Amino acid sequence: MLKRILCLALSVIMIMLFITACASPEQPAAPAAPADPAAPAAPADPAAPAAPADPGGEPVEITAVIQVNPEIVLENNPVIAEIERRLNIKLNIEAPPLSGYGERVQMLVATGDMPDLVHYGADIFATQWADEGLTLDVTDLIANYPNLSSNITMEQYGDCIFLPDGRIYGIPRPNSYDRWGFLINKTWLDNLGLEAPRTIEEYIEVCRAFTNDDPTGTGATTYGATLHAQQGSLDSGIWHLMNDYLSMAFSISSWHHGMPDKDGSAQLRPLKSEYSDYMQLVRQLYSEGIIDPEFITHSADEPQEKLAMQRVGIIGASETNYIPNILERYGLDIDDYMFMPPLVRSASDDPMYAMPPSNWMAYYVNANSSPEKQDAVLRLLDFANSEEGFILLQMGIQGTHFNSYDVQSRTIDRTEEQLEERMKTTSNMIAMANALEGRPPLQGGSTPEAIAKWQVEAGFADSVTTKVFFGFTKMMDKIGVEFPDEVQTLNSLEVRYVIGEVQLQELLDYAQGTYKDLTAGIAAELAAFMAANPARFVK
């Protein structure tokens, strides 16, 4: 059994793998079940209530640590108050800064101060907590909360099966499929007489122009693009899903390890056939000074903020929600930006989206909380996965934050003032389900113009892009558990190579030598799983 001291040590050296859609093992026999593993979830029944609390009793007080946008005001929050009223609960929420969120959760659990509810990734720490009996086994409880079955598939629950017993130790936060392309400043393109890039070479040329040719006309310092990084993890430095628009040209997804190599084989990321080429590309972009050099230290919303501040011209973005989550959130003119599919190495190649089952982390219930509190937490999550709760947590209160919302078309009628008020009250980050029936809360944006723009751009991207579907590959989490020092060494070498402190051969020698030898058993597990569950390529 893993020791609690390991959690403390790993927290200090920032080993958390903090992902929304992570890898998972070949699942053992399905536990008594939330849903058909082969089928999408049945539509949520808006009339199906959560297991009711005693309306005459005192509210059940529960503590929670969740991610919250910095602009959200929790004190006297009307959405939280409405949830408390409906469920007869009292929510005491801690919202750590996003930049240190993972480390705060790890420390609370490690020191015995785990709240009743925690929002966290499905990573090596979550595996440890399940192993130590700290998180509640919800396998046999899910059926008591109907929306936790109807809105979350068995495939998604596979992300919370951490141990050989095949039991479920968390409630996934369902997400719609992410399709990672990039958002580009169209005004900068027009000012410089350029077209949006499709290939890696075109991307390099656009980054050079955005950096060197004064795209704003003001003489301000600008960079062609910025990438993202995941601080608080052994993957810090150069890997993040927002970078997949670039790395997928090399058949590499930052975190979706089931993405096959160019030849269709299953390979660990640093052992893929074009890993060296990708590393050399990032090194070239950095050494030329045509990407933001601060990207290595990013930890929260810095890429989006720098795009909004006209400091960079390109960032990675999800096709699903780039308008509401970036353009509308930061008050940008939607006509000044355009969404593009992932890049390719050759104009004859198809862009590719990596498409594993999609969760945005998971919710864990404290196994040592009282049964009453555990039930209150599960009722809260059940409500959040109902149609009624989904609308409340995503959109706010009708009449205050929006005029009307059509859940079938995923369109909304609201004023700018209502949107501004909603952004201080709730968001897709505070919501506990980011998809209903597999679909996001908004498709295209808040106005007819935004929706029309999204339909054109997303439609084009979908039409030219091959979707690669594959399962969770959670055996990959064992690498961080069994070889934390070696993974940290590899990541350090990657960063040091990009910034010019070590030579490429030193990095490759380590990846092909020490790392490959140590991870051979896990690589064999990955290969066997992918052979039994091959990826599907759909265009």
Legend entry - Among (1) at pLDDT 95 or above; (2) hydroxyl-bearing (Ser, Thr, Tyr); (3) crowded, with 24+ Cβ neighbours inside 10 Å, the one test that Ser346 misses: (3)
Inset, instruction - Select from the stretch 330-341 the residues that are out of contact with any strand residue (DSSP E or B) (no Cβ under 7 Å at 6 or more places or on another chain) and of a type outside the set (Phe, Trp, Tyr) and write down the one among them that is farthest from Glu195 (Cα to Cα). - result: Gly331
Inset, instruction - Would you be able to tell me the number of residues in the stretch 261-289 that are surrounded by 20 or more Cβ atoms within 10 Å (Cβ to Cβ) and either over 20 Å from Asn491 (Cα atoms) or outside the structural domain of Tyr510 (by TED's automatic domain parsing) (or both)? - result: 1
Legend entry - Any hit, the stretch 477-493, residues being under 30 Å from Ser150 (Cβ atoms) and out of contact with any His (no Cβ under 9 Å at 6 or more places or on another chain): yes
Inset, instruction - Confirm whether Asp178 is of a type in the set (Asp, Glu) and either surrounded by 20 or more Cβ atoms within 10 Å (Cβ to Cβ) or touching a Pro at 6+ places or on another chain (Cβ under 6 Å) (or both). - result: yes
Inset, instruction - Answer yes or no: is there a residue in the stretch 288-305 that is at pLDDT 95 or above, of a type outside the set (D, E, K, R) and within 18 Å of Met352 (Cα to Cα). - result: no
Legend entry - Criterion: surrounded by fewer than 17 Cβ atoms within 10 Å (Cβ to Cβ), over 23 Å from Leu380 (Cα atoms), out of contact with any Gly (no Cβ under 6 Å at 6 or more places or on another chain) and charged (D, E, K, R) - qualifying residue of Asp123, Asp131: Asp131
Inset, instruction - Select, from Pro260, Pro357, Pro324, the only residue that is in a helix (DSSP H, G or I), closer than 30 Å to Gly170 by Cβ and of a type outside the set (Phe, Trp, Tyr). - result: Pro324
Legend entry - Qualifying position, being of a type outside the set (D, E, K, R) and in the same structural domain as Leu493 (by TED's automatic domain parsing), among Thr127, Thr199: Thr199
Legend entry - Residues satisfying the stated conditions in the stretch 62-103, i.e. in contact with a Pro (Cβ under 6 Å, 6 or more places away or on another chain) and part of a loop (DSSP other than H, G, I, E, B): Asn88
Legend entry - Single condition Arg311 does not satisfy, out of (1) under 14 Å from Ala225 (Cβ atoms); (2) in contact with a helix residue (DSSP H, G or I) (Cβ under 8 Å, 6 or more places away or on another chain): (2)
Inset, instruction - Taking Gln374 as meeting all but one of (1) assigned to a helix (DSSP H, G or I); (2) out of contact with any His (no Cβ under 9 Å at 6 or more places or on another chain); (3) at pLDDT below 95, write down the number of the exception. - result: (3)
Inset, instruction - Taking only the stretch 448-477 into account, find how many residues are closer than 27 Å to Gly331 by Cα, crowded, with 18+ Cβ neighbours inside 10 Å and not aromatic (Phe, Trp, Tyr). - result: 6
Legend entry - Those residues of the stretch 268-316 which are among the hydroxyl-bearing types (Ser, Thr, Tyr) and within 22 Å of Met476 (Cβ to Cβ), in sequence order: Ser273, Tyr275, Ser276, Tyr278
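So that you can scan it fast, the table gives a plain yes or no per residue for (1) touching a residue at least 60 places away in the same chain (Cβ under 8 Å); (2) out of contact with any strand residue (DSSP E or B) (no Cβ under 6 Å at 6 or more places or on another chain); (3) among the charged types (D, E, K, R):
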position: Gln284; (1), (2), (3): yes, yes, no
position: Phe295; (1), (2), (3): yes, yes, no
position: Glu302; (1), (2), (3): yes, yes, yes
position: Gln310; (1), (2), (3): yes, yes, no
position: Ile315; (1), (2), (3): yes, no, no
position: Thr320; (1), (2), (3): yes, yes, no
position: Glu328; (1), (2), (3): yes, yes, yes
Legend entry - Spans of helices (runs of 4 or more DSSP H) in the stretch 465-539 with at least 1 residues closer than 27 Å to Ala122 by Cβ: 477-482, 484-498, 520-532
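The values are calculated or read from the model by the stated rules, or taken from the named source; none is laboratory data. Small disclaimer: the values here were computed from a predicted structure and weren't measured. Please note: Cβ atoms are built from the backbone with ideal geometry, for glycine as well, and neighbour counts cover all protein chains shown.
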